[in-house]
Amino acid sequence: MTKRKKMILGNWKMYKQQQNALHDFCAIQDGVLSSSTEIRVGVAAPYIHLSALSQRRKDNFMLLAQNVHWEHEGPFTGEISPSMLKDLQVSGSLIGHSERRSLFGESNSSTGKRLRGAIMCGLEAILCVGETLQERESGKLTETLREQLTTAFKESHLAACDFMGSHPDTPLLTIAYEPVWAIGTGKSATPLQAQEAHNAIRLLLHEFFSQSVASKIGVLYGGSVKSNNIKEFLSCEDIDGALVGGASLDPVEFLKLISNAAR
Ligand code: 13P
C-alpha cells in the first residue's frame, strides 16, 4: 500500500497586513523546520504578500497562492498567471476554493482550466471540492463531488498529462475536501462523515488515473479543523492531512495543530 506523506496547509484568506504576515510566516516556518517533522507544511497567503514571503521561504516549507489564472499572460485584469507565481518561487496554489465558487462565480470548468495552467507550469495544485448543506441533505454528496472532480479533470486533460513532474512520490495534484457547511462555522464534519467523502474521492481518483498515480494523490480535509480535533481526522484511513483556515492565523495554535498531527 502506498504511504502518502501527511500535509497540513494553512489558508490565510484575506487576512493579515504585510508586517504581520511576515512575522507569522517566519514564526510558523521556524517552528516547523526546527521540529524536523515529516509532515509537509505550508501557507496560502494573499497575492500581495507572496513576494516578501518568498524571500523568507526556506526549502521544505510551502508557500502557496490562493488562486491562479490559466494563461501565461494577456488582457486579464485582476488575474495572476502561473508563470508569475513560478517566477517568485511560489510552490503552488489553491484552486477552486468554495469561496471562489460561491462568491466570485468560478465554475467547475474554469477551475479545470486553472488546474491545467498550474500543473503545466510545474506548480503544485490543491484542488478544492465540497458539497453545500443542501446538496448533502438531498443525498447528493457523491454526485456533487463526482461532478466537481470529473469536470475539472476533463477540462484540464489531466489524465493525459504527466503531472508527476520530476518528483515521482509527490504528484503536483492534491485534493482538498471542504464541505461548504463546515467552513468557518466551527461545525466540522464528524470524522465518519469526512472519511465517507474521502473514500468516495479516492474511488473516483482510481477511476480516473492509473493505480500508481491515484494512490499517490493526497486528499486533505478542511472545515473547522483545530488543534483539538486534528488527530481524529488523521486517524481516518483516507484522510492525508488538512487545509486549515481560522486556526492557521495564529502561529501558536497552528504550530500546536501541526505538533498534534505529528503524534
Ligand atoms: P476554517 O478552518 O476556518 O473552517 O476554513 C476552512 C477553509 O476554508 C480552508 O480553506
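How would you rank 54-61, 97-104, highest first, on the average number of other Cβ atoms within 10 Å across their residues? Could the numbers behind the result be given before it?
Values: 54-61: 13.4, 97-104: 17.5.
Ranked from most to least packed, the peptides come out as 97-104, 54-61.
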Expressed in nanometres to one decimal, the distance between label points 7 Å along Cα→Cβ at Glu253 and Gln17 is 2.1
Over region 7-262, with neighbouring protein chains present, the accessible area per residue in Å² at probe 1.4 Å is 44
Percent antiparallel among DSSP beta bridges confined to region 7-262, rounded to 5, stands at 0
Sequence order, region 58-64: Karplus ³J(HN,Hα) from phi using 6.51 cos²θ - 1.76 cosθ + 1.60, θ = phi - 60°, Hz rounded, Gly and Pro as x, gives 10, 4, 6, 10, 9, 10, 10
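Per the 1.4 Å probe, what fraction of the accessible area of the chain, in percent, lies on carbon and sulfur atoms?
Working: 6300 of 12150 Å².
Carbon and sulfur atoms account for 52 percent of the accessible area of the chain.
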Stretched fully, the stretch from Thr77 through Thr142 gains (0.36 nm per residue minus C-alpha distance, one decimal, in nm) 19.8 nm
Karplus ³J(HN,Hα) for region 9-14 (6.51 cos²θ - 1.76 cosθ + 1.60, θ = phi - 60°; Hz, whole; x = Gly/Pro) runs 10, x, 10, 7, 6, 9
Whole-Hz Karplus couplings 3J(HN,Hα) for region 238-252, θ = phi - 60° and coefficients 6.51, -1.76, 1.60, Gly and Pro as x, run 9, 9, 9, x, 9, 10, 10, x, x, 6, 9, 6, 9, x, 5
Residue separation between Arg263 and Gln134 times 0.36 nm, minus their alpha-carbon distance, gives in nm 42.9 nm
Under the 7 Å Cα-to-Cβ spin-label approximation, Asp87 and Thr150 lie apart by a distance in nanometres of 3.9
Shape call for region 7-262, from the Cα gyration tensor axes a ≥ b ≥ c (a/c under 1.5 means rounded, otherwise prolate when a/b beats b/c, else oblate), comes out rounded
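Rounded to the nearest 0.05, what FRET efficiency do Asn228 and Leu192 give with R0 = 25 Å and r taken as the Cβ-Cβ distance? Could you check?
0.90
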Checking rank on 118-127, 18-27, with mean other Cβ inside 10 Å and highest first, the result is 118-127, 18-27
As straight-line cross-link partners of Lys140, the qualifying lysines (C-alpha separation under 24 Å, not fewer than 8 residues apart within one chain) are Lys154, Lys187
Out of Gln17, His72, Asn60 - ranked by how far each Cα lies towards the positive end of the dipole of region 1-76, with unit charges on the beta-carbon of charged residues - the top one is Asn60
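The values are calculated or read from the model by the stated rules, or taken from the named source; none is laboratory data. Nothing here was measured: the structure is a model prediction, and the numbers come from that model. Because the Cβ atoms are built from the backbone with ideal geometry, glycine has one as well, and the counts that use them run over all protein chains shown. All accessible areas refer to the heavy atoms of the entire protein, side chains included, with ligands and DNA or RNA removed. Shrake-Rupley method; radii C 1.70, N 1.55, O 1.52, S 1.80 Å.
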